[in-house]
Amino acid sequence: MADHPMLVLRDLRKTFNPDTVMEKTALAGVDLTLNRGDFVTVIGGNGAGKSTMLNAIAGTFSVDNGGILLGGRDITHLPEHRRAAFLGRVFQDPMTGTAASMNIEENLALAFRRGQSRGLRWGISAKERALYREKLASLDLGLENRMGSKVGLLSGGQRQALTLLMATLKQPELLLLDEHTAALDPKTAEKVLRLTRHLIRENKLTALMVTHNMKDALALGNRTVMMHEGRIILDLNEEQKQHMTVEDLLAQFEKESGRELSNDRMLLT
Amino acid sequence: MNIAQLLNQLPGAVAQGLIWGIMAIGVYITFRILNIADLTVDGSFATGGAAAAILITSGVNPWLATLAAFLIGLLAGLVTGVFHTSMGIPAILAGILTQLALYSVNLRIQGIGTDLGSRANVPLSINKYKNMLVSLRNVGSFILENPIWLMLFITLVLIGLMYWFFGTEFGCGLRAVGANQQMARAQGINTGLADIVGLMISNGLVAFSGALMAQYQGFSDVSMGRGAIVIGLAAVIIGEVIFGRLFRNFALKMLAVTLGAIIYYLVIQVVLWLGLNTDDLKLLTALVVALFLAMPYWKSRIRTRKRKGGPAHG
């Protein structure tokens, strides 16, 4: 493959509700380059622009300025559903990533066709079913025996695990994880995180993971970036991460931003 | 109140229910699968009737005329779909706009070949057009010409076709759009296109049903679709309430809608027989549908009250 970076964000800017009292600059010039295989954790205070950055990449809205290169192609002006061909996404709300009224195998079949044209062939084949069963079994949640159950019947943790599986079923060029364990209880969050790490490693994925957990941010991945007021103010490489404690990280934040880190969901331990 | 009189009316109610049942399947597609309340149907039902009537009176084979009505219904759905997706108009308003526009269009279609170029009513006598697909004249008999047999056949074929379509890759994508737009887009599904195609198929079926209705009753009228959406919703809801626990399969769910439409017309016959004035029918239907639409909301309120103090989400 070509040796261009996997993702390049160049001077991304976005202001919501411009020229109104609700005006909010969410991205104030984000520059970021991810190499193939990078697993980058993203931290920052409330409204720092972490989720906005992920949504800009996914194409939920169009940016005011700047460019997005994914795998060498310019996707800045591509509609969201076309970018989906290259992206795997897991959201904070476990309800968002799956279709509750459809069953488990139908959800997987939808994900299996991400980025392909959908024609008038039957929506799911017997051969796929075997693959899904095997993949579900690897989650160790017993879902392989409930493939015909509606996803709405699953718990939040199960739905997040399923969403992760769906996001990686067809190898994405970039995996976007937007605080995907924040709505789960600590034990389930731990499980989903372990699965995340496993899937990223096994499939050698490039990933961006927003997290509210400072410890996870340092423990996972090979890079950590910190955002503040719509900019990246700190970018730690693997070696720097290893020598960093949560206290160091907080001190760094204060130094770079000139204020204390405030995030009402932030977990420091 | 003569019971024989009522019994005499029942076959007609079944036939009407079957015809309206096709329109109700169209409503089911938008309301339940796409999660859109599409008010185009009041107009497109009459469009189907108008198109079929004008084609049949000019000598076109009734099968072809009915098929043409389906195609014109697709166009009506396309207009609403474009209003909604390309022009950003809320779905409910987009449907109302198309419905209003169709009133003029329907007058014009029915006026084709007349001096005025516009007409409110087209007579379709079975004596004159003997090869029409269905007619209320034969509804009381046991012969093969009884419209109930053909309507049953058409309904089953349509349910089969819809079952196939919504099981294909494209159809599954369409269902995903109705279930969760955000998820659908994340899986690479063009939600705008899905909405448009869904609205087209729905209105195609509605116009098809209107074409059959015009033949059945022996005329087409610009106002024949008034309140169609409410009758469609009534059929969907009756079907769900009675057969919801029993019918889980998608094809059976559509069958439940058809049965819902039949039951609706049977109940109407009974209340009319009991002495209700025909003029009060729409009021009664609207109230009953409102009541059933409120059920899930009331149920969820009772549930949250029982769980007061619990977490807001989880």
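The values are calculated or read from the model by the stated rules, or taken from the named source; none is laboratory data. Here the structure is a predicted model, which means the values were calculated and not measured. Cβ coordinates were reconstructed from backbone atoms using ideal geometry, including for glycine residues, and neighbour counts include every protein chain displayed.
Overview of values
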quantity	calculated
Region B:80-136, residues that are part of a loop (DSSP other than H, G, I, E, B), free of Cβ contacts under 8 Å to residues at least 40 places away in the same chain and of a type in the set (A, V, I, L, M, F, W, C)	B:Met87, B:Ile89, B:Leu116
In region B:119-168, residue farthest from the other protein chains (Cβ to nearest Cβ) [restricted to those that are aromatic (Phe, Trp, Tyr) and more than 20 Å from B:Ile22 (Cβ to Cβ)]	B:Phe142
Sole residue being within 14 Å of chain A (Cβ to nearest Cβ), among the aliphatic types (A, V, I, L, M) and not in a helix (DSSP H, G or I), chosen from B:Ile189, B:Ile201	B:Ile189
Unmet requirement for A:Ala100, which otherwise passes all of (1) out of contact with any Lys or Arg (no Cβ under 8 Å at 6 or more places or on another chain); (2) in a loop (DSSP other than H, G, I, E, B)	(1)
Residue list for region A:68-82, filter: assigned to a loop (DSSP other than H, G, I, E, B) and either among the aromatic types (Phe, Trp, Tyr) or within 14 Å of chain B (Cβ to nearest Cβ) (or both)	A:Ile75, A:Leu78, A:Pro79
Selected residue [within 14 Å of chain A (Cβ to nearest Cβ) and either modelled with pLDDT of 90 or more or crowded, with 18+ Cβ neighbours inside 10 Å (or both)] from B:Asn277, B:Asn249	B:Asn249
Residue satisfying condition, being crowded, with 17+ Cβ neighbours inside 10 Å and under 17 Å from the mean Cα position of the chain (by Cα), within set A:Ile75, A:Ile68	A:Ile68
Close pairs from region A:121-147: first within 19 Å of A:Leu199 (Cα to Cα), partner polar (S, T, N, Q), Cβ under 8 Å, at least 6 apart	A:Leu141/A:Gln158; A:Leu143/A:Gln158
Matching residues, region B:200-221, being among the hydrophobic types (A, V, I, L, M, F, W, C) and surrounded by 24 or more Cβ atoms within 10 Å (Cβ to Cβ)	B:Ile201, B:Leu205, B:Val206, B:Ala207, B:Phe208, B:Ala211, B:Leu212, B:Met213, B:Ala214
Within region A:109-148, tally of residues that are at pLDDT below 95, surrounded by 13 or more Cβ atoms within 10 Å (Cβ to Cβ) and among the small types (Gly, Ala, Ser)	3
Residues of region A:126-153 satisfying the condition of being assigned to a loop (DSSP other than H, G, I, E, B) and more than 11 Å from every other protein chain (Cβ to nearest Cβ)	A:Asp140, A:Leu141, A:Gly142, A:Arg146, A:Met147, A:Ser149
Matching entry among A:Leu165, A:Leu250, A:Leu205 (being in a helix (DSSP H, G or I) and within 26 Å of A:Gly49 (Cβ to Cβ))	A:Leu250
Scan of region A:19-67 for residues that are part of a loop (DSSP other than H, G, I, E, B) and of a type in the set (Val, Ile, Thr), ordered by number	A:Thr20, A:Val21, A:Thr60, A:Val63
Exclusive hit being of a type in the set (A, V, I, L, M) and more than 18 Å from the chain's Cα centre (by Cα), set B:Leu293, B:Leu259, B:Leu246, B:Leu255	B:Leu246
Output for region A:1-17, where each listed residue is in contact (Cβ under 8 Å) with a residue 12 or more places away in the chain and part of a loop (DSSP other than H, G, I, E, B)	A:Met1, A:Ala2, A:His4, A:Pro5, A:Met6
Top-ranked residue of region A:97-106 - restricted to ones that are in contact (Cβ under 8 Å) with a residue 40 or more places away in the chain and facing chain B (nearest Cβ under 7 Å), ranked as surrounded by the fewest Cβ atoms within 10 Å (Cβ to Cβ)	A:Ala100
Count - residues of region B:115-156 that are buried (at least 18 other Cβ atoms within 10 Å of the Cβ) and basic (Lys, Arg)	1
Single residue of A:Ala28, A:Ala109, A:Ala58, A:Ala85 found to be within 17 Å of A:Phe16 (Cβ to Cβ) and within 14 Å of chain B (Cβ to nearest Cβ)	A:Ala58
Qualifying residue in region A:193-211 (condition: closer than 25 Å to A:Arg13 by Cα, in contact (Cβ under 8 Å) with a residue 40 or more places away in the chain, surrounded by fewer than 21 Cβ atoms within 10 Å (Cβ to Cβ) and within 19 Å of the chain's Cα centre (by Cα))	no
Residue tally, condition within 30 Å of B:Ile29 (Cα to Cα) and either in a loop (DSSP other than H, G, I, E, B) or among the hydroxyl-bearing types (Ser, Thr, Tyr) (or both), over region B:137-159	3
Selection count where residues are within 15 Å of A:Leu165 (Cβ to Cβ) and in a loop (DSSP other than H, G, I, E, B), scope region A:103-125	2
Qualifying residues in region A:149-164 (those that are of a type in the set (A, V, I, L, M) and buried (at least 22 other Cβ atoms within 10 Å of the Cβ)) - the one nearest to the chain's Cα centre (by Cα)	A:Leu164
Counted residues, region B:177-186 - those being facing another protein chain (nearest Cβ under 7 Å) and in a helix (DSSP H, G or I)	5
Some residue of region B:58-69 being at pLDDT below 95, more than 15 Å from the chain's Cα centre (by Cα) and of a type in the set (S, T, N, Q)	no
Test: B:Leu174 is under 26 Å from B:Ile72 (Cα atoms), surrounded by 24 or more Cβ atoms within 10 Å (Cβ to Cβ), at pLDDT 95 or above and within 11 Å of chain A (Cβ to nearest Cβ)	yes
